[in-house]
1. Yes or no: residue 48 touching a helix residue (DSSP H, G or I) at 6+ places or on another chain (Cβ under 7 Å), free of Cβ contacts under 8 Å to residues at least 40 places away in the same chain and surrounded by 13 or more Cβ atoms within 10 Å (Cβ to Cβ)?
2. When the range 1-40 is examined, which residues are found to be without any contact (Cβ under 8 Å) to a residue 60 or more places away in the chain and assigned to a strand (DSSP E or B)?
3. What do you reckon, is residue 66 loosely packed, with under 13 Cβ neighbours inside 10 Å, within 27 Å of residue 21 (Cβ to Cβ), out of contact with any helix residue (DSSP H, G or I) (no Cβ under 6 Å at 6 or more places or on another chain) and in contact (Cβ under 8 Å) with a residue 24 or more places away in the chain?
4. Got a sec? Which strands (runs of 3 or more DSSP E) wholly within the range 43-109 have at least 3 residues that are within 18 Å of residue 33 (Cα to Cα)?
5. So, in the range 34-53, how many residues would count as being out of contact with any strand residue (DSSP E or B) (no Cβ under 9 Å at 6 or more places or on another chain) and either at positive phi or at pLDDT 95 or above (or both)?
6. Restricting to the range 57-87, and then to whatever is modelled with pLDDT under 85 and touching a strand residue (DSSP E or B) at 6+ places or on another chain (Cβ under 7 Å), can you tell me which residue is nearest to residue 111 (Cα to Cα)?
């Protein structure tokens, strides 16, 4: 799955979220083949978190939470919109589902 285009990964993630009883929506489409993906995860209680995969200097990937100090969807939306203005290849997907991390690991960020 590591060589799958970003668009296909995003689509697979959205389907997995929906099959798990949640909802997913692409907020911004980036580069079809290799864009970076920001995941705006909203828990059932309304808690919003923003995740992204990054690579360390040895090439290993890890999932990090961006802006954990920001509270609320509005603040995180301002952040990702600013990132998107600087990087039009960036994808942003919103997911409302329980246990979003395993679904993202299996689809968006699978190696």
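1. yes
2. Listed by number, the residues that qualify are 38, 40.
3. On the way: loosely packed, with under 13 Cβ neighbours inside 10 Å: no; within 27 Å of residue 21 (Cβ to Cβ): yes; out of contact with any helix residue (DSSP H, G or I) (no Cβ under 6 Å at 6 or more places or on another chain): yes; in contact (Cβ under 8 Å) with a residue 24 or more places away in the chain: yes.
Criteria not met by residue 66.
4. Numbers: elements: 48-55, 61-66, 91-96.
Where strands (runs of 3 or more DSSP E) fall fully within the range 43-109 and carry at least 3 residues being within 18 Å of residue 33 (Cα to Cα), they are 48-55, 91-96.
5. Residues meeting the conditions: 1.
6. Taking the candidates together, the pick is 61.
The values are calculated or read from the model by the stated rules, or taken from the named source; none is laboratory data. If you're wondering where the values come from, they're calculated on a predicted model, not measured in any experiment. Note that each Cβ is placed from the backbone with ideal geometry, even for glycine, and that neighbours are counted across all protein chains shown.
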